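Structure record follows, encoded as structure tokens.
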Amino acid sequence: GSGGWLLNQAKDGYGNLYGCDPFIEEDIYYGDRIYIKKCDISGMDGKFDLIRFGDSFEHITNPLETLECVKKLLKENGKCEIHIPVFPNTAWVEFGVNWYQLDAPRHIFLPSERSMGYLCEKCGLEIEEVIYNSTPSQFLVSYIYTLGIPFKKIEELINSVLVWNGDVVETFEKVSEESNKRRFGDHAIFNIVHK
């Protein structure tokens, strides 16, 4: 994207910040500290302390090759952080094809914890930690899909007091917390290290 996460890191004092996105119109420069290159990860050079995929890995058609690039680009003891929807999960059990994270055709790769472990192992990477961080949106948005309402209208509905009362949201929050504790939420952060 346009580098929102990198801009926040720069505000916190970090420098030498790089990003890549094959779909931006042209390379983006924010002064001398942030550079976003119009390419995918295979077009990046250098060695990095941290590589982060913020809800973007699920849009990649070649996850194995992408993780091979991660291995090549990470410094020894470097880390990769992948924020991604995961399968199976409580929202899928409840809503099936209306689980909003299916998001076809935009979401191409929806891994399980086991499949991510397999891919990392093939590349010489190791999953250090998996943090499940699902939110009530896994249920709120999926429920709205069951009503046949398109994604573009969802934000308006979620913010509407006519649709949700406090009890409904509180219930979804509790179920999300429980799902995360059971490692059965619909979203996770994979913290991956260079072996």
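The values are calculated or read from the model by the stated rules, or taken from the named source; none is laboratory data. Predicted, not measured: the structure shown is a model, and the values here were computed from it. Reconstructed Cβ throughout: ideal geometry from the backbone, glycine too, with neighbour counts over all protein chains shown. These area figures cover heavy atoms from the full protein model, side chains too; ligands, DNA and RNA do not enter into them. Shrake-Rupley method; radii C 1.70, N 1.55, O 1.52, S 1.80 Å.
Amide H to amide H under 5 Å from PHE48: which residues, 5+ apart in sequence or cross-chain, H placed 1.01 Å off N in plane?
LEU74, LYS75
Taking Cα pairs under 8 Å and at least six residues apart, what relative contact order does the chain come out at, in percent?
On the way: 317 pairs, mean separation 45.8, N = 195.
Relative contact order here is 23 percent.
Taking only protein heavy atoms and a 1.4 Å probe, what accessible area per residue, in Å², does the chain have with all protein chains in place? Mind dumping the intermediate values first?
On the way: 11450 Å² over 195 residues.
Accessible area per residue: 59 Å².
Once the mean 1/r over all distinct Cα pairs of region 114-195 is inverted, what Kirkwood radius in angstroms do you read off?
Numbers: mean 1/r = 0.0678 Å⁻¹.
With all distinct Cα pairs of region 114-195 included, I get 14.7 Å.
Using the Kirkwood formula on the Cα atoms of the chain, what hydrodynamic radius do you get, in angstrom to one decimal?
Values: mean 1/r = 0.0549 Å⁻¹.
One decimal place: 18.2 Å for the Kirkwood radius.
Check which residues have an amide H placed less than 5 Å from GLY78's amide H, if you skip close sequence neighbours.
HIS194
Considering amide H positions built from the backbone, and no H for Pro or chain starts, which residues 5 or more places from GLY19, or on another chain, come under 5 Å of its amide H?
TYR35, ILE36, LYS37
Hey, any idea what % of region 1-149's accessible area is carbon plus sulfur with a 1.4 Å probe? Could the numbers behind the result be given before it?
Working: 4180 of 8260 Å².
Reported share for carbon and sulfur atoms: 51 percent.
Which ³J(HN,Hα) values, rounded to whole Hz and listed in residue order, are derived for region 188-195 from phi using the Karplus coefficients 6.51, -1.76 and 1.60 in 6.51 cos²θ - 1.76 cosθ + 1.60 with θ = phi - 60°, glycine and proline given as x?
Ordered by residue, 3J(HN,Hα) equals 8, 10, 9, 9, 10, 10, 6, 4 Hz.
Using the alpha carbons of region 1-43, what is the convex hull volume per residue in cubic angstrom, as a whole number? The partial results should precede the final answer.
Details: hull volume 2.6 nm³, N = 43.
Dividing the Cα hull volume of region 1-43 by its residue count gives 62 Å³.
So which of LYS71/LYS195; LYS37/LYS122; LYS122/LYS181 end up more than 18 Å apart by C-alpha?
Details: LYS71/LYS195 9 Å; LYS37/LYS122 27 Å; LYS122/LYS181 28 Å.
Pairs exceeding 18 Å: LYS37/LYS122; LYS122/LYS181.
Do any trypsin sites (Lys or Arg not before Pro) in region 81-187 lie in a DSSP loop with no more than 12 other beta carbon atoms within 10 Å, and if so, which? It would help to have the intermediate numbers written out before the result.
Details: sites: ARG106, ARG114, LYS122, LYS152, LYS153, LYS174, LYS181, ARG182, ARG183; in loops: ARG106, ARG182, ARG183.
Those satisfying the criteria are ARG106, ARG182.
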